[in-house]
Amino acid sequence: MHHFTYRDGRLHAEDVDLTTLADAVGTPFYCYSTATLERHYSVFSRAVGAPKSRVFFAMKANSNLAVLSTLARLGAGADTVSEGEIRKALAASIPASSIVFSGVGKSESELAFAVDAGIYQINIETEGELHTLSRIAAARRKRQNAVFRINPDIGAGGHAKITTGSEGNKFGISISEAERLYTVAANLPGVRILGLAVHIGSQIRELDELQAAFGRLRELAERLAAQGHRVERIDLGGGLGIPYEMEEAVDHGPGLIEAYAGMVASTFAGLDAELAYEPGRLIVGNAGILVTRVITLNPRARKTILVVDAAMNDLIRPAMYDAFHDIWPIREPALGTPNRLYDVVGPICESGDTFATGRTLPETQPGDLVALMTAGAYGAVMSSTYNSRLLVPEVMVHGADWAVVRPRPTYEELIQLDHLPAWLSTSR
Ligand SMILES: *Cc1c(COP(=O)(O)O)cnc(C)c1O
C-alpha cells in the first residue's frame, strides 16, 4: 500500500503533482509520502502489539529528520548504529529512553556518548565490547542496560550482501558463547545484561529462517533463565522484506506482517519477556521514490539506452545488490503508447551505474520524468557526491503540502568541503 497514484494523467505523491514538484525542486530528488510512512508504521506496530512490545525504527534505512519526526510522533523508538544516528534520533525528539545502539564495531567514544546520553539499550556484539562498555560506564559510575546480539547461525535475506546471521559472517555472539558471557557479565560493574537480540538479514520474505532463528533464541533464553540469568528483553531485529514490483505491493504488506506477528507470538508464547522489533525497510521502503529526468537516448540495435540525470551515487542499490526498482513514467502513458525495450542508466562512467537492463517501458523521450519506485529505504542514506555530483535532495509530502527536507547543496558548498594545505594555498 502506498500513496503514489496517477490523477489526471500525472503521477502524484498524495495530493502533490510530481511534475510541478520536479519543476520547483529540480531533478533528481527523493520524494517521501507521510501517509505511506504513517500507514506502514501503524500496521506494523499494531500487528506486533505495541506499546506492550517495542518498535525501534532502524534508522540506517532512512535517517532524514523529517522521516524520524514523523515516526517519533507515532511513538517509534530508534535503532541506531553510530553516534551520528543517536544524535539525529535525539534531534528528532526521540527520547534516549527509546534508543537502541546496535553495530558490529562501536568505538569507545561512541559507547561513551551512548552511555552519557542514557540510552535504553546497547546491543553487545563481542566479548571485547562487553568489557569496554563496562569499563566506560563504570568510570561514570553508571551501569548500562544491554543485551547480547546472538548469531543463531541461520542467515537469510534477499542477497548475500544483506545476510547477517550465518556463523561465517561478522555479526554477533554464538549461542554456545552466550551462557559463558552472561556469567562474565555478572561480575562486571558497568553493565546489566537484560536479554538477547538477533537480526539475521534483510529483505526476508519467507518466514522459515526467521522462525528457526527465533526458536533457537527462545531455547537459549530458557536455558539462561534456568541458570538464574535475567532474560527480560528479546530484540528480534528487522529484516522483513517488501515487494519491489509495484503490482504486488497493493495486497502484500499486511499479509506478511500478520503472518510474522503470528509466528512471533507462537514462538515466544508463555515466555515472560518484552519483545522488541527493529524494522527499517518495511517502514520506509515504498514510502519513497526517486524522481529523475531523461537526459538523452542512445538507440542500439535491440534496445535503447535511456540516460537519466540520477546516478548510482544517488541510489546505489541496483549497483550494490543487483536490486530491482520498478520504473514509472510521471506522465501516464496515453492509450496506445507503444512499449519499448530500454536499459536505464545514469551518467557516471561505470558499467555499474545502471538502474535497469532490458526493461519494457512505454516509449520515452528526452525531457520526460520517470520515478524509480520503492526507493525510500537504503536510498538517500547511501548517496554520495561521487563524480562531484551534488548530494540528492529530499522532499516530503503531507497531503497537499510539501517541503524540501534536505536541500540540494550548492556547488560552492561542495567545493568548500575540501581544504588546500598551506603549501598549496599560496599562488605562485
Ligand atoms: C539493518 C538492521 C535492521 C533493519 O533491517 P531492515 O531489513 O531494514 O528491516 C535492524 N536491526 C539491525 C541490527 C540491523 O543491522
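The values are calculated or read from the model by the stated rules, or taken from the named source; none is laboratory data. As the structure is a prediction and not an experimental result, all values here were calculated from the model. Positions of Cβ are generated from backbone atoms using ideal geometry, with glycine treated the same way; all protein chains shown enter the neighbour counts. Note: accessible area is taken over every heavy atom of the protein model, side chains too, but ligands, DNA and RNA are not part of it. Shrake-Rupley method; radii C 1.70, N 1.55, O 1.52, S 1.80 Å.
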Residue by residue through the range 121-138, note down the ones that are in contact with a strand residue (DSSP E or B) (Cβ under 6 Å, 6 or more places away or on another chain) and not in a helix (DSSP H, G or I).
-> Gln121, Ile122, Asn123, Ile124, Glu125
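Residues checked against (1) assigned by TED's automatic domain parsing to the domain that holds Ala310; (2) in a loop (DSSP other than H, G, I, E, B); (3) in contact (Cβ under 8 Å) with a residue 12 or more places away in the chain:
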| site | (1), (2), (3) |
| --- | --- |
| Gly336 | yes, yes, no |
| Leu341 | yes, no, yes |
| Trp402 | yes, no, yes |
| Arg408 | yes, yes, yes |
| Leu424 | no, no, no |
| Ser427 | no, yes, no |
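Suppose we filter the range 1-45 for residues that are part of a helix (DSSP H, G or I), over 20 Å from the mean Cα position of the chain (by Cα) and over 23 Å from Phe355 (Cβ atoms); how many remain?
Qualifying residue count, the range 1-45: 2.
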What number of residues within the range 278-306 are among the β-branched types (Val, Ile, Thr) and within 16 Å of the ligand (Cβ to nearest atom)?
-> 2
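Listed here are the residues, each with its yes/no results for (1) aliphatic (A, V, I, L, M); (2) over 20 Å from the mean Cα position of the chain (by Cα).
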residue	(1), (2)
Val344	yes, yes
Ser351	no, yes
Leu361	yes, yes
Asn387	no, yes
Val392	yes, no
Can you give me the number of residues within the range 204-225 that are within 16 Å of the ligand (Cβ to nearest atom), open to solvent by 90 Å² or more (accessible area, probe 1.4 Å) and assigned to a helix (DSSP H, G or I)?
-> 0
Of everything in the range 369-428 that's among the aromatic types (Phe, Trp, Tyr) and open to solvent by 30 Å² or more (accessible area, probe 1.4 Å), which residue is modelled with the lowest pLDDT?
-> Trp423
Spot the failing condition for Asp322; the list is (1) open to solvent by 80 Å² or more (accessible area, probe 1.4 Å); (2) on the phi < 0 side of the Ramachandran plot, and only one is missed.
-> (2)
Given (1) away from the ligand (no atom under 14 Å from the Cβ); (2) open to solvent by 30 Å² or more (accessible area, probe 1.4 Å); (3) under 30 Å from Thr34 (Cβ atoms), index of the condition His199 fails = (1)
Please name all residue pairs, on different chains or six or more residues apart, with Cβ atoms under 9 Å, provided the first residue is in the range 84-110 and is assigned by TED's automatic domain parsing to the domain that holds Tyr120 and the second residue is among the aromatic types (Phe, Trp, Tyr) and assigned to a helix (DSSP H, G or I).
-> Ile86/Phe113; Arg87/Phe113
Do we find a residue being within 19 Å of Leu18 (Cα to Cα), surrounded by fewer than 17 Cβ atoms within 10 Å (Cβ to Cβ) and out of contact with any helix residue (DSSP H, G or I) (no Cβ under 6 Å at 6 or more places or on another chain) anywhere in the range 334-346?
-> yes
